[in-house]
1. Does residue A:83 count as free of Cβ contacts under 8 Å to residues at least 60 places away in the same chain and surrounded by fewer than 17 Cβ atoms within 10 Å (Cβ to Cβ)?
2. Could you look through the stretch B:61-81, keep only residues that are in contact with a strand residue (DSSP E or B) (Cβ under 9 Å, 6 or more places away or on another chain) and assigned to a loop (DSSP other than H, G, I, E, B), and pick out the one that is surrounded by the fewest Cβ atoms within 10 Å (Cβ to Cβ)?
3. Collect the residues in the stretch B:12-60 that are assigned to a strand (DSSP E or B), surrounded by 21 or more Cβ atoms within 10 Å (Cβ to Cβ) and at the interface with chain A (Cβ under 7 Å from one of its Cβ atoms), keeping them in residue-number order.
4. Looking only at the stretch B:231-261, which residues are touching a helix residue (DSSP H, G or I) at 6+ places or on another chain (Cβ under 9 Å) and more than 7 Å from every other protein chain (Cβ to nearest Cβ)?
5. Which helices (runs of 4 or more DSSP H) sit wholly inside the stretch B:171-264 and have at least 3 residues that are free of Cβ contacts under 8 Å to residues at least 12 places away in the same chain and surrounded by fewer than 16 Cβ atoms within 10 Å (Cβ to Cβ)?
6. Taking residue B:6 as meeting all but one of (1) surrounded by fewer than 21 Cβ atoms within 10 Å (Cβ to Cβ); (2) part of a loop (DSSP other than H, G, I, E, B); (3) within 7 Å of chain A (Cβ to nearest Cβ); (4) at pLDDT below 95, write down the number of the exception.
7. Among the residues of the stretch A:80-88, is there at least one that is within 20 Å of residue A:202 (Cβ to Cβ) and facing chain B (nearest Cβ under 9 Å)?
């Protein structure tokens, strides 16, 4: 059963959809193909925090599809409802794929071992034993998350520049009230699930030291650049 | 069937899904409601350009959710088949909403008037080289850039009038056009096709797309002939036009993370 997310839920300022528009979209929804989107088969709930600020934590609802056994691509919404706001994307790769990344790319990616073993990453509506089968795999993966809409700030439109996000890696990081709210809403217990998942193992080679931004803060900045006309760009710092 | 780039390399690399994985997937799908995904009710095919290098141009497939009359949110893929790569997100706002944004925000957005409107707008373009223009104009007479595949043009025509007045903000997170097998680097800002200068889309890209969807030139010509262009386009949008072909890049800086517990 899914309830209302009590965290910030800014309203987008706007007119309700007009009838003509709604009718057209009934037509397009019926006639057109939606193959890439129809691959999305899973809903996972977890928390992200901003790469430069662990004190800002966001409940993140992932809607994921596999491109193959080693790779998932996910749309992230602030809530799993009909009017959920699309706030970001996450890519999830197996440990094998992660290890092929150059070191300076690895910093963008976070490990999933703690989220899985602590129980805070879960699949709403799916029985525990089925989830655990899935999480045996997920515990060894790494994710890259970008958010584009800072709903925790109360932004009612996707303002500003993209934010690289990180995931929880140890006890003491998540806010108790955020965790409690999710537990109440979904009628689950993270503690209980932690016990059930005790045997699940993380990456075979251990968590890579370059993952999770190598423990540093990561912040995005915007630069104005000379847009090239011949395939090379010259950066101008402003 | 795995998606491949021009050299045949599989993108992304990886093993096929196991039978067990398929079953877990199917199981989840049956038990979970996946509500937000069910609200994607339009597929749009158009083109976009990298704001830091507008010679790099891509065909995009937007899967659109209309939130209300003034706001749409789109998941953007690089193809329309089941193996398509999720390459970013685009947000679309009405002109009314756009005007409420501060100028520093507006510079990240692009206009849609050109993609949606008639070829007659092209006639005002004097800056592109003549030869490219002639070929492009001829091709443009045959098609609009923004299309809803499979939907008769007359059905979408009213929506194009709405769309022509909107502004978009499109961040790309996976540069499959340059062969990236996995999503690499920080996100990049994208711009929309325009009729002038570095905003002009390569006509070959457009022709390939039109051939793929068997787009009827006569139907499009008839249907789009009277779409009015907006009276005014905010000059902060399409930033490169009024700012000497400048674009934007997102870069990463290492900093002291504000913490409430040790990390990692």
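1. Numbers: free of Cβ contacts under 8 Å to residues at least 60 places away in the same chain: yes; surrounded by fewer than 17 Cβ atoms within 10 Å (Cβ to Cβ): yes.
So residue A:83 passes the test.
2. Kept after step one, since they are in contact with a strand residue (DSSP E or B) (Cβ under 9 Å, 6 or more places away or on another chain), are these residues of the stretch B:61-81: B:61-67, B:70-80.
Right, trim to assigned to a loop (DSSP other than H, G, I, E, B) and you get B:70, B:78-80.
On the way: B:70: 22, B:78: 22, B:79: 17, B:80: 20.
Across the stretch B:61-81, the extreme among qualifying residues is B:79.
3. B:42, B:43, B:53, B:54
4. Of everything in the stretch B:231-261, those that are touching a helix residue (DSSP H, G or I) at 6+ places or on another chain (Cβ under 9 Å) and more than 7 Å from every other protein chain (Cβ to nearest Cβ) turn out to be B:232, B:233, B:234, B:235, B:236, B:237, B:238, B:239, B:241.
5. Numbers: elements: B:203-212, B:217-223, B:239-242.
Per the criteria, B:203-212.
6. Looking at each condition in turn, residue B:6 falls short on (3).
7. no
Residue-by-condition table, conditions (1) under 13 Å from residue A:121 (Cα atoms); (2) touching a strand residue (DSSP E or B) at 6+ places or on another chain (Cβ under 8 Å):
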| site | (1), (2) |
| --- | --- |
| A:132 | yes, no |
| A:147 | no, yes |
| A:151 | no, yes |
| A:158 | no, yes |
| A:163 | no, yes |
| A:183 | yes, no |
| A:193 | yes, yes |
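The values are calculated or read from the model by the stated rules, or taken from the named source; none is laboratory data. All values reported here derive from a predicted model rather than from experimental measurement. Every residue, glycine among them, receives a Cβ derived from its backbone with ideal geometry; neighbour counts consider all protein chains shown.
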